[in-house]
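A short worksheet on the structure shown next.
The values are calculated or read from the model by the stated rules, or taken from the named source; none is laboratory data. Not measured: the values here are computed from a predicted model. Positions of Cβ are generated from backbone atoms using ideal geometry, with glycine treated the same way; all protein chains shown enter the neighbour counts.
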Amino acid sequence: MMETDKIYCLDCLEGLKQLPDKSIDLIMTDPPYLIKSTRAGGHSRLTRSIQPVNNLLKENSLDTGMDPDVLPELVRVMKRINCYIWCNKAQIPDYLDYFVGELGCSFDILIWWKTNPPPTCNNKYLSDKEYCLYFRKGGYCQPTSYGTAKTVFHQPINVLDKQTYPHPTIKPLNIIKMLIENSTRPGDIVLDPFIGSGTTAVACIELGRQYIGYEINEGYFEVAQKRIQDTIERLEV
Ligand SMILES: C[S@@+](CC[C@H](N)C(=O)[O-])C[C@H]1O[C@@H](n2cnc3c(N)ncnc32)[C@H](O)[C@@H]1O
C-alpha cells in the first residue's frame, strides 16, 4: 500500500498497480479530455482567441483521453464503486457503457456551467459547460442540504487559482470540495489518479480526508506539491 496524504510523480497505471484491492473510499478525477481536433477553425478574431488554449492542451498531452486499461484498475481499488470523473462530451458514451452498461452502476451527470466561457463562432455553440459523471454501486453519498445536493454549478473559470498555480485545466476547488464532502466520511481515503495542480489534495486537506494522487508531468507535479505545501502552512495542519 502506498502512503496516504502524498502525491506521486508517476503514470497512474503504475501507481494503481501498487494499491491493494478495495482500499479506496472515493475516486475524484479529471483525466485528459478526448479532443478530436485541436484546430479552432476559421480566421476570425474570436476563433483565433481560443486557439492558444487548444495548442496548450495538445502540447501537454491533455487532449488524448484516458488509457482504457485504467478503468478496471479504478474499479479494482475501490471498496464499493464511488467515482466522480470529469470529462468532455466525446467521452460520455464510453464511460456510460462501461460503468452503467457493463457494471450496472447508477449514475448522475453534474455540470459546471461557466459564466465566462471563451468566445467561439463558426457554427459552434459556446464551450460553456463541463461534465462530471458520478458512478455509484453501494458507494456513500449524503448531501446534507438543498445547496449541496445541486447538480449544476453556475460559476466562473477560476482565473486567480490558474495564475497562482499554473495548470491549463484547474478545476474549481469549491465544487471538488463539496462533492468529496458529500461522498466521504472524515478520514476516508480519496484517490485522484490524474491530479494536475493538486485540487483534490487541497480539498481533502481542508476536509480532513486522506488522499493519494498521481501526476505524470513533472512540471505539474511541482505545481501541485507547492500548492499542497501552501495549504498545509495556511491551515497549520
Ligand atoms: C485535466 S488535468 C487535471 C487537472 C486537475 N483536476 C486540477 O484541478 O488541477 C489531467 C492531468 O493528468 C495528467 N496525466 C495525464 N496522463 C496521466 C497518467 N497516465 N498518469 C498520471 N497523470 C496523468 C496530466 O499531466 C494532467 O495534469
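Given the condition polar (S, T, N, Q) and farther than 23 Å from Cys204 by Cβ, answer yes or no: does some residue in region 132-153 qualify?
no
In this entry, Pro168 passes the filter for residues that are out of contact with any Phe, Trp or Tyr (no Cβ under 7 Å at 6 or more places or on another chain) and at pLDDT below 95. The listed residues are Asp161, Asp192, Asp230, and the only one of them that is touching a helix residue (DSSP H, G or I) at 6+ places or on another chain (Cβ under 9 Å) and away from the ligand (no atom under 12 Å from the Cβ) turns out to be Asp230.
Consider region 19-36 and keep the residues that are in a loop (DSSP other than H, G, I, E, B) and more than 14 Å from the ligand (Cβ to nearest atom). The one that is surrounded by the fewest Cβ atoms within 10 Å (Cβ to Cβ) is Lys36.
Which count do you get for residues in region 131-153 that are in a strand (DSSP E or B) and either modelled with pLDDT under 95 or more than 27 Å from Val77 (Cβ to Cβ) (or both)? Outline the logic, then answer.
Going residue by residue through region 131-153, those that are in a strand (DSSP E or B) are 131-138, 152-153.
Okay, now just the ones that are also either modelled with pLDDT under 95 or more than 27 Å from Val77 (Cβ to Cβ) (or both), so 152-153.
Adding up the residues that qualify gives 2.
Only one of the listed residues (Thr231, Thr200) is surrounded by 20 or more Cβ atoms within 10 Å (Cβ to Cβ), assigned to a helix (DSSP H, G or I) and at pLDDT 95 or above. That residue is Thr200. Scanning region 70-90 for residues that are within 13 Å of the ligand (Cβ to nearest atom) and either surrounded by fewer than 20 Cβ atoms within 10 Å (Cβ to Cβ) or more than 11 Å from Tyr131 (Cβ to Cβ) (or both) yields Val70, Leu71, Glu73, Leu74, Asn88.
Does at least one position in region 154-174 carry a residue that is in a strand (DSSP E or B), surrounded by fewer than 17 Cβ atoms within 10 Å (Cβ to Cβ) and not aromatic (Phe, Trp, Tyr)? Looking through region 154-174, at least one residue is in a strand (DSSP E or B), surrounded by fewer than 17 Cβ atoms within 10 Å (Cβ to Cβ) and not aromatic (Phe, Trp, Tyr).
If the Cβ limit is 7 Å and pairs must be 6+ apart or interchain, which residue in region 192-209 that is free of Cβ contacts under 8 Å to residues at least 40 places away in the same chain pairs with which residue that is hydroxyl-bearing (Ser, Thr, Tyr) and near the ligand (Cβ under 10 Å from one of its atoms)? Correct list of pairs: Ser197/Tyr165; Ser197/Tyr220. If you go through region 73-92 and keep only what is within 18 Å of the chain's Cα centre (by Cα), modelled with pLDDT of 95 or more and not in a strand (DSSP E or B), you end up with Glu73, Leu74, Val75, Val77, Ile92.
Just one of the numbered conditions (1) among the small types (Gly, Ala, Ser); (2) surrounded by 12 or more Cβ atoms within 10 Å (Cβ to Cβ); (3) out of contact with any Lys or Arg (no Cβ under 6 Å at 6 or more places or on another chain) is not true of Gly147: (2).
Please determine whether any residue of region 210-217 is in a helix (DSSP H, G or I), under 21 Å from Leu16 (Cβ atoms) and of a type in the set (Gly, Ala, Ser). There is no residue in region 210-217 that is in a helix (DSSP H, G or I), under 21 Å from Leu16 (Cβ atoms) and of a type in the set (Gly, Ala, Ser).
Selection of region 195-227 for residues being more than 10 Å from the ligand (Cβ to nearest atom), touching a helix residue (DSSP H, G or I) at 6+ places or on another chain (Cβ under 9 Å) and not β-branched (Val, Ile, Thr) yields Cys204, Glu206, Leu207, Arg209, Gln210, Tyr211. Is there a residue being within 16 Å of the ligand (Cβ to nearest atom) and more than 17 Å from the chain's Cα centre (by Cα) anywhere in region 164-185? For region 164-185, residues within 16 Å of the ligand (Cβ to nearest atom) and more than 17 Å from the chain's Cα centre (by Cα): present.
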